[in-house]
Amino acid sequence: MEYVITDILAQKGIVVVIFFMTFVFCLRYSTNIFNWIETQTFGTRSYIMERLELLFIEIEADKLTNFLLAFSLSLSVLTIMFFGLWISWILGFVLGIIVGILSFRIPKKVVDYLVERRVKQYSGQMVDGLTLLANGIRAGLSVPQALGMVVNELSPPLSQEFGLILQQNRIGVTLEECFENLAKRVPTEDNDMFVSAINILRETGGNLAEVFDTIVSVIRERVRLQQKIDTYTAQGMFQGMTIAAMPFAIAGIYGASDPDSIKLLVTHPLGIVITLVALVLDFVGFWVITKIVKIKI
C-alpha cells in the first residue's frame, strides 16, 4: 500500500515539475513563442500561396486559412482520441498538441514536394525544348516565335513557363526581364545557364542555336550523372528508412506479444517523456540520413 501511494505521489510530482518547467519556459520566451506562432500561421499561409502560384494554382486566402485550421484541428483531435481510448489520455493530449503544431508544416512539405516535382519535370523537358528552340532559330524564326513553337509542341510545365514569358512580353515587359523572371520561378542551374546565355547573346550577338546545342549536351551529361548518383544513394536511403522504422516495429511486436512490457512507456509520466525523446531522436536521425544521401550536382 505504501509503495502504491509513493508511486502515485512520484507520478504527480513529475507532472507538476513538467508543467512548472513548461510555464517558466513559456513565460521566459513568450515573445519568441508568439512570433513563432505568427510565422507558423500567417507565414505558412503566405508561403503556401506563393508556392501555389508557381504551380499555376489560384486559391483564396480565407479558404486556405480555413483548410489549415481544419486540417490541424482534425489531426490533433484524432490523435487525442486514438491514444486516449487505447493507451493513455495523458499521452494522447501531449501527442495531440504536438501533432496539432506540426501539422501546420505538413501542407508546406506537400506543396514543396509538388514544386520540386514540377521543377524536375521542367528540367526533363529542357532538352526537347532547347532543341526545338535551336531548330526554330536555324529556320529563321525570332526568339518569341521560337518560344511560341515550343509552347504549341510541348506539354506543361515547360509550355506553361514559356507561355508566361510570351504573355509578359505582350504586355510590355522586355524579353530580358521575362527570362529573368523565369530564372526566379524555376531556380535550377540549367535554367540559370539558359537564361544567362540567351540574355548575353541578345545584347552582344552570337549564334543562339549553337549555344543551345551546347547547353543541351551539358544537361544530358548532368542528367546521366544524377541518375548514376541516385542509383548509388538508393541503398543508403532504404537503410535509413529501415533504421527509422525499427523502433516502431519492435514496439509493435512487444505490444502484441507482451503488452505489459511496454505499458509504463505510455502510461507513466517518465515513460512518456522517454518515449517522446526517443521519437524525436528517431526523426532527427532519419532527417540527418536523408541529408547525407541527398547529393546535388
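Read-outs throughout are calculated quantities, based only on the coordinates presented, and are distinct from any laboratory measurement. Values in this document were obtained by computation on a predicted structure and should not be read as measured data. Note: ideal-geometry Cβ built from the backbone for every residue, glycine included; neighbour counts use all protein chains shown.
The figures follow:
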{"item": "Phi to ³J(HN,Hα) by Karplus 6.51 cos²θ - 1.76 cosθ + 1.60 over segment 60-75, Hz, x for Gly, Pro", "result": "6, 5, 5, 5, 5, 4, 4, 5, 4, 5, 5, 5, 5, 5, 5, 5"}
{"item": "Residue-count net charge about Ile250 - beta-carbon cut-off 13 Å; Lys, Arg +1, Asp, Glu -1", "result": "-2"}
{"item": "Cα-projected label distance for Leu264 with Asp192, points at 7 Å along beta-carbon direction, nm", "result": "5.5"}
{"item": "Length gained when the stretch Ala234-Glu177 is fully extended (0.36 nm per residue, less Cα-Cα span)", "result": "16.6 nm"}
{"item": "Stretch gain in nm, segment Val284-Ala245, where the contour uses 0.36 nm per residue and the Cα spacing is subtracted", "result": "12.8 nm"}
{"item": "Segment 262-293-segment 163-218 distance, computed between alpha-carbon centres (Å)", "result": "48"}
{"item": "Burial ordering of Glu221, Glu180, fewest other beta-carbon atoms within 10 Å first", "result": "Glu221, Glu180"}
{"item": "For segment 118-135, 3J(HN,Hα) per residue [Karplus equation, 6.51 cos²θ - 1.76 cosθ + 1.60, θ = phi - 60°, Hz, x = Gly/Pro]", "result": "5, 5, 5, 5, 4, 4, x, 8, 5, 4, 5, x, 5, 5, 5, 4, 4, 5"}
